[in-house]
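First comes the structure, then the notes that go with it.
The values are calculated or read from the model by the stated rules, or taken from the named source; none is laboratory data. Fair warning: this is a prediction, and the values are worked out from it, not measured in the lab. Note: ideal-geometry Cβ built from the backbone for every residue, glycine included; neighbour counts use all protein chains shown. Protein only, heavy atoms only, side chains kept; ligands, DNA and RNA dropped before computing areas. Shrake-Rupley method; radii C 1.70, N 1.55, O 1.52, S 1.80 Å.
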Amino acid sequence: MKNSPIGRRAILQAGGAAGLAGALGLSPTGPAEAAELSAQRGGHSATEILDLGPAVVQFSLMSSVLVGDTVYIGSRNLDPVRIVAFHVPTRKVIAQTELATGYSIQALAADSTGRYLYAGVLQDAVGTLPNLYRWDLTTLSAPATPIGRIGDRDVRDLSVAPNGRLYAVGGGSATKPALWEFNPSTGQVGNLGIPDPGVTLARAVAATDTTVFFGAGSTLGGGGSAGRACLYAYNRATQTFTLVTPSEMLADPSIRELAIFGDKLLVSSAASTQPSKVALMRLDNLASYSVATSIGKTAKNFTSIGEQVYFANESGLCVYSVASNSISQLTLNGPSLGEIWGVDAVNNKILATSGYGFVAEIDPGTGSMAATDLGEAGASATPQTVMGLAAGAGFVHAGGNGVIARHSLAAGQTVNLQAPGEAKDAVMVDGVLFTGQYSSQGIWTYDPRSGQPIHQAASFPAAQNRPLDVCWDEDNKLVLLAAQSDTEGGGSFWTYDPRTGAKQYFINPIDNRQLLRAVATRDGVAYLGGGLPTLDGPGTIVAFDPVAGKELWRIEPQMGAGISALAVQGRNLYGLTRKGGIFIIDIPKRKLVHQADISSLSYGFGALVANRGVIYGVSDTTVFRIDPKTFAVSVVVADINGGWYSGPHIAADEDGLLYTLRGPNLVRIDDKGAMQTMRRQPLPQTLSPN
């Protein structure tokens with residue numbers, strides 16, 4: 001589908017005393033400002049920023065639940081967060097409500113009367129703002145209202161007991177995931193306890209009149225000593241937890257889904273190195289259960305028609321036969337459903353809410369489907385936060401949820417390429433796009449000259465699920481990719497040869513603790529940057545032969561932080577840490593030659609790119625440059641404040657133009673004139689290795 005043509009293209013000036021004074025450590029009246037003012041008086045133009053309009057525009061979603069004849073759908077990475085009401089008989093969006101906090105809604109649940117819809121949001125930071133909301137479905141014109149907050153930052157699942165009490169689980173805070181209860185009679189949210197201090201995330205909850213089931217594990221932050229799949233039964237009368245995990249699921253990373261069906265509890269696991277499982281447990285005797293091995297790594301969103309239970313995996317829909325205790329993939333005749341965020345049953349048909357932005361009504365007997373695009377039905381398409389970015393051959397590609405927006409710079413138009421998951425990073429090679437697709441989707445490619453749609457070029461072990469950095473090795477003609485494993489810890493290095501389709505992967509090339517977050521290349525050698533899941537060190541650099549698959553040497557910059565980004569210019573390898581440090585390694589000498597603290601410009605995730613003989617970087621707030629001779633750091637664009645989801649990106653095209661985000665908008669930066677001032681800047685203060 002096509003989005004609106006690129007709108008306003010205002011030329012913005014980033015020069016002047018404020019825009020380019022930024023040699024690190026210099027006062028506003030110091031030499032850098034004087035040099036910039038001198039350059040302007042000498043006729044040099046300032047840095048130009050061209051606004052190319054919103055980077056990714058769509059209605060993106062992350063949850064769905066059927067109440068009566070209406071499907072309520074929670075948005076994903078849109079501002080403001082919203083719930084839309086899709087009326088099944090008319091196939092129209094009949095209402096919408098906006099929430100005041102959060103960036104996505106993963107959790108929706110209705111009470112047994114169908115009057116109240118509860119929503120839980122994902123948030124950017126821990127705080128005191130509400131993350132629980134309630135919408136009175138008898139008056140859809142009235143907005144949803146906040147009802148409080150659970151102490152975990154993110155709400156991942158909700159369940160309403162028959163007596164109307166709401167139960168919530170999640171994670172994302174410094175404390176371990178707890179079971180939370182909202183009592184509508186008192187309006188209070190209470191912490192019922194932390195059943196397992198080893199897990200990092202709880203994603204499933206289901207409640208009866210007497211018992212609340214808590215499903216958790218380590219889908220994020222796995223590996224090391226992190227806990228695996230666990231299922232607890234909380235007795236509401238005695239206020240105690242009992243571990244009831246089916247033994248067949250103990251090796252899986254986490255419990256993924258829970259649902260009550262009559263006198264049975266349905267349980268699924270999220271898998272990593274082996275297929276997921278589905279268990280059917282008797283509520284009156286939890287030790288009595290049956291387990292079936294599922295298909296793929298995901299089993300979620302249960303619904304039933306008779307004795308058949310339908311649910312989503314990463315390939316589409318599965319059917320679980322209770323009678324035979326077996327699972328099969330449902331053959332579908334229609335478009336790909338991509339990532340599915342809701343499965344419901346109505347009139348013996350299945351309603352599947354696709355992450356591609358449509359609702360499909362499916363006949364389970366024939367597999368035929370009728371799909372309704374939510375945008376055409378009335379859901380508003382708006383700018384969303386962005387994943388990866390790549391530029392070249394007159395195009396810029398921006399990754400979103402289930403989509404890659406392809407911007408034509410000449411035509412000023414944008415086309416959305418449908419792709420599963422998220423393009424976390426990408427690179428353009430001679431007009432061909434190569435992406436790293438989360439989660440566990442490997443490398444995807446798009447060559448407009450081939451006549452083929454975007455498609456998967458190479459798959460890799462599913463446990464290596466989160467590709468984070470992609471680059472092109474011109475010497476070996478290989479796509480190189482650094483990935484991390486959310487469930488197992490550590491990470492992997494991938495190579496892909498577009499000419500032959502050959503691929504290789506190397507698991508834990510640094511060690512079994514450090515995640516791979518960055519890769520750069522010079523003279524056919526790959527440089528891998530690692531770090532722990534936290535901000536802290538060691539942050540090791542490994543020089544790696546991508547053809548022979550062996551380590552050549554390694555070095556630790558000793559900056560007490562993991563690596564955020566790497567780039568090569570000339571003989572030097574430039575690195576950025578998650579605590580805002582930069583370091584420079586002389587590659588031929590294998591020696592650390594420079595360190596500096598730029599935490600005032602960059603903290604957390606960032607990105608680096610070599611362009612016009614200079615290293616450029618971007619953080620959540622700032623675009624900056626590093627002089628290749630003096631290593632001085634100066635500001636190119638202050639307050640860029642890009643609308644990124646999982647860390648900022650910056651890309652360069654063949655003409656030396658830079659691309660990144662300002663807010664939700666894609667911008668092009670021409671730093672040609674401003675570069676005239678760089679050589680006049682003195683050396684910044686250098687930090688001694690600690």
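A few points about this structure:
- Label-to-label distance, nm, for residues given as W553 and T186 (7 Å Cα→Cβ offset): 6.5 nm
- Solvent-accessible surface ranking, highest first, for V415, V121, V65 at 1.4 angstrom: V415, V65, V121
- Proximal charge balance of L66 [Cβ under 12 Å; K/R count +1, D/E count -1]: -2
- Once the C-beta distance of Q456 and Q239 is scaled by a Förster radius of 60 Å, the resulting FRET efficiency is 0.75 to the nearest 0.05.
- Accessible area per residue was computed with a 1.4 Å probe on protein heavy atoms; K92 scores about 100 Å².
- Solvent-accessible area, 1.4 Å probe, carbon plus sulfur percent, for the chain: 49 percent
- Here volume of the Cα convex hull per residue in Å³ was calculated from the structure, and among (1) 157; (2) 283; (3) 127 it sits at label (1).
- Residue-count net charge about I582 - beta-carbon cut-off 14 Å; Lys, Arg +1, Asp, Glu -1: +1
- Multiplying the residue separation of D430 and D511 by 0.36 nm and subtracting their alpha-carbon distance yields 25.7 nm.
- Cleavage-rule hits (trypsin sites (Lys or Arg not before Pro)) in the range 437-513: DSSP loop, at most 10 neighbouring Cβ within 10 angstrom: R449, R499
- Estimated [θ] at 222 nm from DSSP helical runs (n ≥ 4, -39500 (n - 2.57)) normalised by residues in the chain, nearest 500: -500 deg cm²/dmol
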